[in-house]
1. Can you work out which of the residues in segment 77-99 that are within 19 Å of the chain's Cα centre (by Cα) and not in a loop (DSSP other than H, G, I, E, B) is farthest from L186 (Cα to Cα)?
2. Name the residues in segment 100-109 that are in a helix (DSSP H, G or I) and touching a strand residue (DSSP E or B) at 6+ places or on another chain (Cβ under 9 Å), would you?
3. Looking only at segment 110-157, count every residue that is of a type in the set (S, T, N, Q), at pLDDT below 95 and not in a strand (DSSP E or B) and tell me the total.
4. Which residues, taken from segment 19-34, are among the β-branched types (V, I, T) and free of Cβ contacts under 8 Å to residues at least 60 places away in the same chain?
5. Those residues that are within 16 Å of the chain's Cα centre (by Cα) and not small (G, A, S), I need them from segment 182-213; list them, please.
6. Please find, among A75, A65, the residue that is in contact with an Asp or Glu (Cβ under 7 Å, 6 or more places away or on another chain), under 26 Å from I10 (Cα atoms) and either surrounded by 14 or more Cβ atoms within 10 Å (Cβ to Cβ) or without any contact (Cβ under 8 Å) to a residue 60 or more places away in the chain (or both).
7. Please determine whether any residue of segment 1-20 is part of a helix (DSSP H, G or I), under 22 Å from H114 (Cβ atoms) and of a type in the set (G, A, S).
8. Given (1) surrounded by 21 or more Cβ atoms within 10 Å (Cβ to Cβ); (2) within 27 Å of C20 (Cα to Cα), identify the lone condition not met by F148.
Amino acid sequence: MVSDPSNWRIPPKALTLGECKVHVWRATTDLVPSQLRRFQKTLSAAERERAGRFYFRQDRERFVAARGLLRNILAQYLDMEPNQLRLSSNPHGKPALALESGGDRLRFNVSHSHRLALIAVTQQKEIGVDIERIRPDLANEMIARRFFSPNEVATLLALPEYLRREAFFTCWTRKEAYIKARGEGLSFPLDQFSVSLAPDDLPALLAVEGNVQETSRWSLHHLYPGHAYVAAIAIEGHTRDIDLWQWAEMQGLEV
């Protein structure tokens, strides 16, 4: 799946998330002070303490925005107030809803980069999402050789130079989305599996070292959240029933 900026739509007032559906939300993390204050009130004490550890104000505010957006969006599915939601995390830090807050039904994942955030929501399927702003200083061969699999490095270097920057971030976001969906964080080495990255290749998990069945368990999807951004989602199973929602207060924002 390749999305286009025009595919991101304002959602209906009555949200329904069917068993095979996936919803991906796009939102800005650059909010006006009144919105930030409203979101901050919905955060838990632990989230506010974590926000306070950021040295730069912009980083602190974007964290508050991302967590506030997450709570606001999840609350719509669960018919709860955002501040009532209890979030937990697994030993590797992947966030989840506590059982009493609907954790037996909803799965979600969140990623933010620069001024955009993506929040993916589904039912009873593991899911991971990653968004990255394209940065020329990161897309280099040294970093690729350190974190990508040998097959991915070979594919990347075989591309014409003008295609490599976006292909680098295509690879990076697909790999991040997959390990986030697995919920193992960087304890699962990035160079131990391969994803597709060439512009003409369909998004796919190509190989996982030591586990030949793993590729059939997951589907990868490419997203286009805006100019100079690349994103991907990894979903347990093979649904293609994906809705792309735009947080209503993003209307008019140029991405």
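1. Residue satisfying both the conditions and the ranking: Y77.
2. S101
3. So the count comes out to 2.
4. Correct list: V32 only.
5. R182, E184, L186, P203
6. Numbers: A65 fails: in contact with an Asp or Glu (Cβ under 7 Å, 6 or more places away or on another chain).
The match here is A75.
7. The answer is yes; a qualifying residue exists.
8. It is condition (2) that F148 fails.
The values are calculated or read from the model by the stated rules, or taken from the named source; none is laboratory data. All figures in this text were calculated on a predicted structure; none of them were measured in a lab. Cβ coordinates were reconstructed from backbone atoms using ideal geometry, including for glycine residues, and neighbour counts include every protein chain displayed.
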